[in-house]
Amino acid sequence: MADPQTEAPRKATMKIQEVRTIVTCPGRNFVLLKIITDEGVYGVGDGTLNGRELAVAKALEEHIAPLLIGRDPDQIEDTWQYLFRGTYWRGGPVLNSALAAVDLALWDIKGKRAGMPLYSLLGGKTRNGAVCYTHAHGESFEEVTDRAREFIDRGFKVVRCQSAIPGIANTYGTGKASGPHGESLPLVETWEPTPYLKTVPRLFEHLRNELGDEVELFHDVHERLTPIQAAQLAKALEPHRLIFLEDPLRPEHKESFRVIRQHSTTPIGMGELFTNKWECLPLITEQLIDYIRCDLAHIGGITEAKKIATVAECYHVQTAWHGPPDIAPITHAANVHLDLAIPNFGVQEWIEHPPEVAEVIPGGPTFEDGYLTVSDAPGLGCDINEDAAKKYPYQRGYLPTTRRADGAVHDW
Ligand SMILES: [Mg+2]
């Protein structure tokens, strides 16, 4: 433990000697962290926050790294509490992404010292693989169906489906707006609830007719509806048996989820914009959701996620950790280690990165017949190739923004 007067390390057997932040863009930006100990063992972490990457990198370099030098890397919980509660101005996506990078790297070091993969340290495997989903999108129902069929043929048991909405330019999740880089300013998407609420149930009726009843299907609302609109959609989707409806409401007002529950039995998943366990609590303890889907890279890492998973287990809520392309394979690996160890794992989001990403960050999860696995290498099983990272310098990029047809700002 640290000296209570000075925070100087006391009798540490191993010390953190260097904290290196690596920002790289092998197709998209990643904020990576390497924590190096005085015994040469190092751990790797990921604190990527899409569209605000350098805010996290600066927080790590200027404010957090100096606090870590000389500390015992084995004291993960104490370091987590020190960085979260010891700073007074705590939390939020920037600081908790930085905290996640540190947390993942420390768990990686612990695994390497123990000679055990992370899932072993978390209690050992409760399953052989983590069933995962990916994202089928298209301009028409037929295009979405064809893409979903391709994924099913590759072995996917669960597919998320998004289609363009007639009369709306650049609908979320349909591919057109998916490239945040190369734009000097954010791309603007349009959003109108009425055509959206009419189109989505028809899309799933079409998908069920074409794909049958065996595959698990679902849809991401991306936090855009009002409570009663979300209730209408959840009710209309009931006959099409979604595994869950993703992120129907904005994250701020948790009580709004009661409105959806009062009207529908469509399961609900929520949480990618949450940054800590307290935000999850009312949804879990009131059983207003069925899947908690926080992002390990934005909630402070494995230490916070395992606590959320344990609380969720008590209330029959399963996990569906956020797994988009804008977090590094290091976080994807952390997701799967946790998925393999916890009893209440539900489903894992996963999107294949392009080969350049694996060149910079080797060792991410492996997909086979619908399931993700990780290697038995000690720790997270990932690495950072710093020479390869240098070939792909940071490029400023923004996520799109959304406006209503009358020009007013709406949630993206
Ligand atoms: Mg989502």
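The values are calculated or read from the model by the stated rules, or taken from the named source; none is laboratory data. From a predicted model like this one, the values you see are computed outputs, not experimental measurements. Positions of Cβ are generated from backbone atoms using ideal geometry, with glycine treated the same way; all protein chains shown enter the neighbour counts.
ASP146 meets the conditions (1) touching a helix residue (DSSP H, G or I) at 6+ places or on another chain (Cβ under 7 Å); (2) free of Cβ contacts under 8 Å to residues at least 24 places away in the same chain in every case but one. The failed one is (1). Set side by side, the residues LEU283, LEU249, LEU296, LEU242 differ, and just one is surrounded by 19 or more Cβ atoms within 10 Å (Cβ to Cβ), of a type in the set (A, V, I, L, M) and more than 15 Å from the ligand (Cβ to nearest atom), which is LEU283. The set of residues in the stretch 110-121 that are outside any helix (DSSP H, G or I) and crowded, with 20+ Cβ neighbours inside 10 Å contains only PRO117.
Which residue is nearest to the chain's Cα centre (by Cα), if the candidates are limited to the stretch 183-218 and must be closer than 19 Å to GLU142 by Cβ and not in a helix (DSSP H, G or I)? Per the criteria, the residue is LEU217. Every condition in (1) within 24 Å of ARG403 (Cβ to Cβ); (2) away from the ligand (no atom under 16 Å from the Cβ); (3) of a type in the set (Val, Ile, Thr) holds for THR145 except the one numbered (1).
From the list PRO393, PRO343, the one residue that fits, being under 24 Å from PHE156 (Cα atoms) and not aliphatic (A, V, I, L, M), is PRO343.
Quick one: in the stretch 260-275, of everything that is surrounded by fewer than 20 Cβ atoms within 10 Å (Cβ to Cβ) and not hydroxyl-bearing (Ser, Thr, Tyr), which residue is nearest to the ligand (Cβ to nearest atom)? By that ranking, first place goes to LEU273. Scan the stretch 219-239 for residues that are within 16 Å of the ligand (Cβ to nearest atom) and not in a helix (DSSP H, G or I) and the total you get is 7.
Across the stretch 135-169, the qualifying residues are those that are assigned to a loop (DSSP other than H, G, I, E, B) and not aliphatic (A, V, I, L, M), and the one among them that is farthest from GLY370 (Cα to Cα) is GLY167. The combined condition, being of a type outside the set (Phe, Trp, Tyr) and either in contact with a strand residue (DSSP E or B) (Cβ under 7 Å, 6 or more places away or on another chain) or part of a loop (DSSP other than H, G, I, E, B) (or both), is fulfilled by ARG127. The residues of the stretch 242-296 that are among the aromatic types (Phe, Trp, Tyr), touching a residue at least 12 places away in the same chain (Cβ under 8 Å) and more than 30 Å from HIS206 (Cβ to Cβ) amount to a single one, PHE274. Please work out if GLY175 is assigned to a loop (DSSP other than H, G, I, E, B), at pLDDT 95 or above and surrounded by fewer than 19 Cβ atoms within 10 Å (Cβ to Cβ). Here the answer is no, as GLY175 does not meet what is asked.
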